[in-house]
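Here's the structure we're looking at; comments come further down.
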Amino acid sequence: MKRGGTDSDHNSSEEDTGEKSKKLRTTNEQSQTCDWGNLLQDIILHIFKYLPLLDRAHASQVCRNWNQVDSSKESAEAACDILSQLVNCSLKTLGLISTARPSFMDLPKSHFISALTVVFVNSKSLSSLKIDDTPVDDPSLKVLVANNSDTLKLLKMSSCPHVSPAGILCVADQCHGLRELALNYHLLSDELLLALSSEKHVRLEHLRIDVVSENPGQTHFHTIQKSSWDAFIRHSPKVNLVMYFFLYEEEFDPFFRYEIPATHLYFGRSVSKDVLGRVGMTCPRLVELVVCANGLRPLDEELIRIAERCKNLSAIGLGECEVSCSAFVEFVKMCGGRLSQLSIMEEVLIPDQKYSLEQIHWEVSKHLGRVWFPDMMPTW
């Protein structure tokens, strides 16, 4: 039995189907070319103004462009408005570091200080304060101390250019329960270390120091006396002293000239063989060492010296450096199973007469007591 319909009806149906497919492809192509992450920032900011603050924080995690938009002055102003309203709220923890990363430094200093003072005055039991990258100043720290000296245990305030060494010394002199402190090197002083070492002060558990230079040759780095470090470590023998270095090679001269109690060292820029050699001689408490870059001169002798003198070393990371395979095996052999973290880029290891890249992972694994392979990308 013949099915109904003509050839023209069949052709018309095929044309309709083809037209629908074409429109569907066009729609898909248009949706693919519309990159929401690359919308103009003015448009995104206009949309973000209609979102609650928490939703804006979530949206800022979608992509880098949205994050930069929500890191704007408007977000910082909104955060300060919230702080200003906490008149009848006694906080125990305050952290001005969020996923949205508001740009507090772009605000008028008086506006930020006024909002922060409200919190300091009304929070009589503040124990944890994280105010990195903010325009906090010495007078506002005095307000903090006057109202929270008995309860403050943690203070993180790296990159706060309006605070002086005298300002942070005031905190150390009055907040005897302070156990964790993070600050930039320009705020570190002999007086501060001695204040943290007084009989009235509890033993410090964690001290982080950021040593940063933005312009080579234009930043002067003072020297801390060995006697101040000695007094500090006698008072707090189990403290973790964490130091992050972002310096240019010619700026390392004041550092590692005598023994210091550093436990964790991170070098974010290129560091010379000479400096790493001094690290092995002056940091016997070293637990972790990360070197992002060194250059093209092998670090064989420096690594061996560190293994000999740093008996607590348990973690090391090497990026753009060079170490012969034989020296690396000897380093691992000397440190043994205490190396819980061994992050070495494959490009760091230079084959020699004794070991090839194919052989080294077996030899290192044998001394570690576990399977080990070099990294294909940095893990720190």
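None of the figures in this text is laboratory data; all of them are computed from the coordinates on show. Since we're looking at a predicted model, the values are computed, not measured. When we count neighbours, we look across all protein chains shown, and the Cβ atoms used for this are built from the backbone with ideal geometry, even at glycine.
Show me, for segment 156-169, the HN-Hα J-couplings you get by feeding each phi into the Karplus relation (A = 6.51, B = -1.76, C = 1.60, θ = phi - 60°), rounded to Hz, glycine and proline as x.
10, 8, 6, 6, 10, x, 8, 9, 9, x, 5, x, 6, 5
Normalised radius of gyration for segment 147-249, please: alpha carbon Rg relative to 2.2 N^0.38 Å, two decimal places. It would help to have the intermediate numbers written out before the result.
Values: Rg = 13.6 Å, N = 103, 2.2 N^0.38 = 12.8 Å.
So the Cα radius of gyration is 1.06 times the expected 2.2 N^0.38 Å.
State the extension gain, in nm to one decimal, for the chain segment bounded by Thr151 and Lys200, taking 0.36 nm per residue of separation less the distance between their alpha-carbons. Write out the running numbers ahead of the final one.
Working: separation 49, 0.36 × 49 = 17.64 nm, distance 1.44 nm.
Extending this stretch completely gives an extra 16.2 nm.
Ordered by packing density, taken as the mean number of other Cβ atoms within 10 Å over each peptide's residues, highest first, how do 148-154, 297-303, 105-111 rank? Don't skip to the answer; put the middle values down first.
Values: 148-154: 17.9, 297-303: 19.4, 105-111: 14.3.
Ranking the peptides 148-154, 297-303, 105-111 by packing returns 297-303, 148-154, 105-111.
So how far apart, in nm, are the two label points at Asp352 and Asp274 if each is 7 Å from Cα heading toward Cβ?
2.4 nm
By how many nm would the segment from Arg370 to Glu249 grow when fully extended, if each residue of separation counts as 0.36 nm and the alpha-carbon distance is taken off? List each step's numbers first, then the result.
Details: separation 121, 0.36 × 121 = 43.56 nm, distance 3.62 nm.
Stretched fully, the Arg370-Glu249 segment lengthens by 39.9 nm.
Within the set Lys273/Lys333; Lys311/Lys333; Lys153/Lys200; Lys226/Lys273; Lys156/Lys311, which residue pairs have Cα atoms separated by over 19 Å?
Numbers: Lys273/Lys333 22 Å; Lys311/Lys333 13 Å; Lys153/Lys200 14 Å; Lys226/Lys273 23 Å; Lys156/Lys311 30 Å.
Where the Cα-Cα span goes over 19 Å, the pairs concerned are Lys273/Lys333; Lys226/Lys273; Lys156/Lys311.
How many angstrom lie between the Cα centre of segment 151-171 and the Cα centre of segment 268-342?
Here the answer is 33 Å between Cα centres.
What full-extension length gain, to one decimal in nm, is calculated for Glu259 and Arg338 as 0.36 nm per residue of separation minus the Cα-Cα distance?
Working: separation 79, 0.36 × 79 = 28.44 nm, distance 2.29 nm.
Once the chain is fully extended between Glu259 and Arg338, it gains 26.2 nm.
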